[in-house]
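A short reminder: the numbers here are calculations on the coordinates, not readings from a lab. Bear in mind the structure is a predicted one, so any value in this text is a computation, not a measurement. Because the Cβ atoms are built from the backbone with ideal geometry, glycine has one as well, and the counts that use them run over all protein chains shown.
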Amino acid sequence: MFRRALADLPQVEISAYTGLTVSYASKIGAHVLVRGLRIGADYEYEREMALMNRAMQPDVETVCLMSSLEQQFISSSRIKEIARLGAEIGSFVPSHVSAAVVARIGDQNQ
């Protein structure tokens with residue numbers, strides 16, 4: 001789903017890994033982690049994570065980007081709840097993600 005959603009960004013690479021994100025970043029030669037912030041609680045969590053990451057890998061910096069006001073309320077748990085209750089989620093996620101979520105929710109409800 002990530003690959004399809006970001007297919008128009010050839011400079012973005014999607015890869016799976018296990019372990020600490022900061023360790024993986026260092027392993028592949030990345031020097032910056034980009035994280036998204038929606039609400040104030042995200043800031044505190046990400047701040048603590050960035051400080052811990054810096055202590056483990058000082059050469060990897062964390063940059064946090066604020067989401068737009070129009071999207072701050074969107075979260076995966078809300079999307080799943082809306083889908084479980086049978087409402088349309090297509091205005092919040094790409095169509096292929098909506099189809100996958102609805103299919104998974106349907107499988108869980110059976």
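Numbers at a glance
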quantity: Normalised contact order of the chain, rounded percent, pairs of Cα under 8 Å and 6 or more residues apart; calculated: 23
quantity: Loop-located GluC sites (Glu not before Pro) in the stretch 41-110 whose Cβ has at most 13 other Cβ within 10 Å (DSSP); calculated: 88
quantity: Neighbour-count order for 63, 93, fewest beta carbons within 10 angstrom listed first; calculated: 63, 93
quantity: Calculated FRET value between residue 82 and residue 44, using beta carbons and R₀ = 35 Å, to 0.05; calculated: 0.85
quantity: Helix-only [θ]222 nm of the chain, DSSP H runs n ≥ 4, -39500 (n - 2.57) each, per residue, nearest 500; calculated: -14000 deg cm²/dmol
quantity: Kirkwood-based Rg to Rh ratio, the stretch 1-61, C-alpha trace; calculated: 1.01
